[in-house]
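The values are calculated or read from the model by the stated rules, or taken from the named source; none is laboratory data. Just so you know, these numbers come straight off a predicted model, no measurement behind them. So basically every Cβ, Gly included, is an ideal-geometry build from the backbone, and we count neighbours across all protein chains shown.
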Amino acid sequence: MFFFFVGGLEQQVRQVLKAGAGRCINCGSKADLVDYEKVLKLFFVPVWRWPGKEPLMYCNNCSLFFPPSYSLPPSAPTPPPTDSVSDILKCHSCARVVDPQFIYCPYCGSAL
């Protein structure tokens, strides 16, 4: 006798408790603090659901669940750049802004 079973256990977000509470440990994007539930699926149909034990962090970008203790701190908004005129270096040939550490222009190859 041959028995073929297609099923699995999956975690799904039930409710977002705090949006943007941290950053993902995998991809670095924003992660939310969520309540989750475990779902038993049989032939890709949810059969049984039960709640998770404690809130987890969830990344919408890479769909990763991880404990809040592993979360990176939320990224602070970056202030606008305050480049002064002396800090900006432009290429003489193509007039593009280049890093002052460069000896040659990365766009056209001419010497700075």
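Summary table below
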| read-out | value |
| --- | --- |
| Matching residues in segment 18-39 - criterion: being exposed (fewer than 14 other Cβ atoms within 10 Å of the Cβ) and part of a strand (DSSP E or B) | Lys18, Ala19, Gly20 |
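For (1) in the same structural domain as Gly109 (by TED's automatic domain parsing); (2) within 30 Å of Leu112 (Cβ to Cβ); (3) modelled with pLDDT of 90 or more; (4) out of contact with any helix residue (DSSP H, G or I) (no Cβ under 7 Å at 6 or more places or on another chain), each residue gets a yes or a no:
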| position | (1), (2), (3), (4) |
| --- | --- |
| Arg14 | no, no, yes, yes |
| Gly20 | no, no, yes, yes |
| Ala31 | no, no, yes, yes |
| Val34 | no, no, yes, yes |
| Val45 | no, no, yes, yes |
| Trp48 | no, no, yes, yes |
| Ser63 | no, no, yes, yes |
| Thr78 | no, yes, no, yes |
| Lys90 | yes, yes, no, yes |
